[in-house]
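Comments concern the structure below.
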Amino acid sequence: GVSVKRLLIDCDGVLANWLTPALAVVAEITGRQYAPADFNSWDIFARFAADGHNARALKDAIYGRLDLRELPVYPGAREAVAALRERAEVYVVSSAWDVPGRIDWLRRHFDLRHEHLVYAVHKHVVKGDVFVDDHAGNVTTWSAAWPEGRAVLYGQPYNASAAGWPEVLAALEVP
């Protein structure tokens, strides 16, 4: 099987669904209803700008209004993390703007403490055996930095990957 001692998991877009609540804020401000499938790029703000919206103002509004403690958990994420914790050290690598909120969310939903959160905008500087992220650029740079590791692109409409939690577990040979 795949040897996994240290597993690194992104949070937003992999464990936490921040996009649906973020799009609700955008709809409230602009009147336009976006769906996750409307995006073909991880950078949702580029799409807002292309549609004539003030992307900076929308970003500020989203970051100001979203409570990270209240984000929904992606289906299967709790069970997957529990199974992975039986086999490996699990760390969440996040660039969340609200670190206390993120720590509280991880504790409530995954029983992970602050010691399991690594705050990093540049995720490729964090060494692990496996890295799971929904941002193709992060997966590419992490893979280049740690060629002996394995990176998995977690599926979202904007990254053309079909890997959800069942596929991630299968790739890592976790029953």
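Observations on the structure shown:
- Close pairs from the range 130-154: first under 21 Å from Arg87 (Cβ atoms), partner open to solvent by 30 Å² or more (accessible area, probe 1.4 Å) and of a type in the set (Lys, Arg), Cβ under 7 Å, at least 6 apart: Val130/Arg150; Trp146/Lys127
- Scanning the range 20-41 for residues that are in a helix (DSSP H, G or I), within 27 Å of Arg78 (Cα to Cα) and either without any contact (Cβ under 8 Å) to a residue 60 or more places away in the chain or of a type in the set (D, E, K, R) (or both) yields Thr20, Pro21, Ala22, Leu23, Ala24, Val25, Asp38.
- In the condition set (1) modelled with pLDDT under 95; (2) assigned to a helix (DSSP H, G or I), Pro75 is compliant with all but (2).
Residue by residue, here is whether (1) at pLDDT below 95; (2) aromatic (Phe, Trp, Tyr); (3) touching a strand residue (DSSP E or B) at 6+ places or on another chain (Cβ under 6 Å); (4) more than 22 Å from Leu117 (Cβ to Cβ) holds:
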| site | (1), (2), (3), (4) |
| --- | --- |
| Cys11 | no, no, yes, no |
| Ala27 | no, no, no, yes |
| Thr30 | no, no, no, yes |
| Gln33 | no, no, no, yes |
| Asn40 | yes, no, no, yes |
| Ile44 | yes, no, no, yes |
| Leu58 | no, no, no, yes |
| Tyr63 | yes, yes, no, no |
| Arg69 | yes, no, no, no |
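- Residue pairs whose Cβ atoms lie under 6 Å apart, sitting 6 or more positions apart in sequence or on different chains, and linking a residue in the range 92-120 that is small (Gly, Ala, Ser) to a partner that is open to solvent by 50 Å² or more (accessible area, probe 1.4 Å), are Ser95/Val121; Gly101/Arg69.
- Those residues of the range 39-81 which are surrounded by 13 or more Cβ atoms within 10 Å (Cβ to Cβ), under 18 Å from Asp98 (Cα atoms) and among the charged types (D, E, K, R), in sequence order: Lys59, Arg65, Arg69
The values are calculated or read from the model by the stated rules, or taken from the named source; none is laboratory data. In this text the structure is predicted, and so the values were computed from the model without any measurement. So basically every Cβ, Gly included, is an ideal-geometry build from the backbone, and we count neighbours across all protein chains shown. Protein only, heavy atoms only, side chains kept; ligands, DNA and RNA dropped before computing areas. Shrake-Rupley method; radii C 1.70, N 1.55, O 1.52, S 1.80 Å.
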